[in-house]
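The values are calculated or read from the model by the stated rules, or taken from the named source; none is laboratory data. Note that the structure is a prediction, hence the values are computed from the model and not measured. Cβ placement follows ideal geometry from the backbone for every residue including glycine, while neighbour counts extend to all protein chains displayed.
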Amino acid sequence: MKIIGLKGEANAYILRRFDGVMLVDPSCNYEEIVEKISGLKLWGILLTHAHKNHISLIGRFNCPVYLHKDDYFLFIDDSLNGFKDSESKREYDLNRLDLKLVDDDTKLEFVDKRVEVIHTPGHTKGSVCYYYDGKLYTGDTLTIKGAGFSKRKSHSDYQLKKSVKMLYERFSVNTIVCPGHGKDTTLLEIRQKNEKVRTILKKE
């Protein structure tokens, strides 16, 4: 289930299995999220990376928050993650979060299934995609219009290109992509419509 991001904020997603849910990148539309998960057990929050516009609501939920270990220092440094230069300051207390650092290829228990963590560095050092139930939740790593390129210090063009190639090698082109911004799509449609991705995939 998708919660469309407001201007500048990320899309949020609700993964559901029976009476259990997990949130991906909750950053806006708090009331809508609460309404949709009412009466369900919240297993955790999955962060694709530690930029402000993907994490701003995490302190409002009582559950584990999963983040790749390589984004930890970005997560705690407001001068890098976007909170310092934002009108909306960080709401959550770092000391009170149930933060769980994940590693490459971690598999997270979710009711009777697992959510697969796929490390895709580039947009940030600890950017990840989550694969669950045939869908790939890509954050800013891959969208129909872009491929996570950024001028921020935490960015690496070289690593991002490697990550994009890896996703296309690992998954079918018919895999559904649920990005941090923009509409849901497939790896095939992104390759067809995204010139940056086509250029990356053409290079050896």
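Side notes on the structure shown:
- T138 being of a type in the set (V, I, T), buried (at least 20 other Cβ atoms within 10 Å of the Cβ) and outside any loop (DSSP other than H, G, I, E, B): yes
- Number of the condition not met by T143 [criteria: (1) buried (at least 21 other Cβ atoms within 10 Å of the Cβ); (2) at pLDDT 95 or above; (3) in contact with a helix residue (DSSP H, G or I) (Cβ under 8 Å, 6 or more places away or on another chain)]: (2)
- So L94, is it outside any loop (DSSP other than H, G, I, E, B) and either touching a Pro at 6+ places or on another chain (Cβ under 8 Å) or at pLDDT below 95 (or both): no
- Just one residue in the set V177, V197 is within 23 Å of I4 (Cβ to Cβ), touching a helix residue (DSSP H, G or I) at 6+ places or on another chain (Cβ under 7 Å), at pLDDT 95 or above and crowded, with 21+ Cβ neighbours inside 10 Å; that residue is V177.
- Residue within the range 33-43 that is farther than 21 Å from D103 by Cβ, touching a residue at least 24 places away in the same chain (Cβ under 8 Å), surrounded by fewer than 18 Cβ atoms within 10 Å (Cβ to Cβ) and of a type in the set (S, T, Y) present: no
- Residues of the range 180-189 classified as within 20 Å of T124 (Cβ to Cβ) and at pLDDT 95 or above, total: 0
- Residue within the range 119-130 that is of a type in the set (V, I, T), farther than 17 Å from L23 by Cα and over 13 Å from the mean Cα position of the chain (by Cα) present: no
- Selection of helices (runs of 4 or more DSSP H) fully inside the range 17-89 by the criterion of at least 1 residues being of a type in the set (K, R) returns 30-37, 52-55.
- Checking each residue in the range 7-16 for being within 16 Å of the chain's Cα centre (by Cα), over 16 Å from R60 (Cβ atoms) and not in a strand (DSSP E or B) picks out G8, N11.
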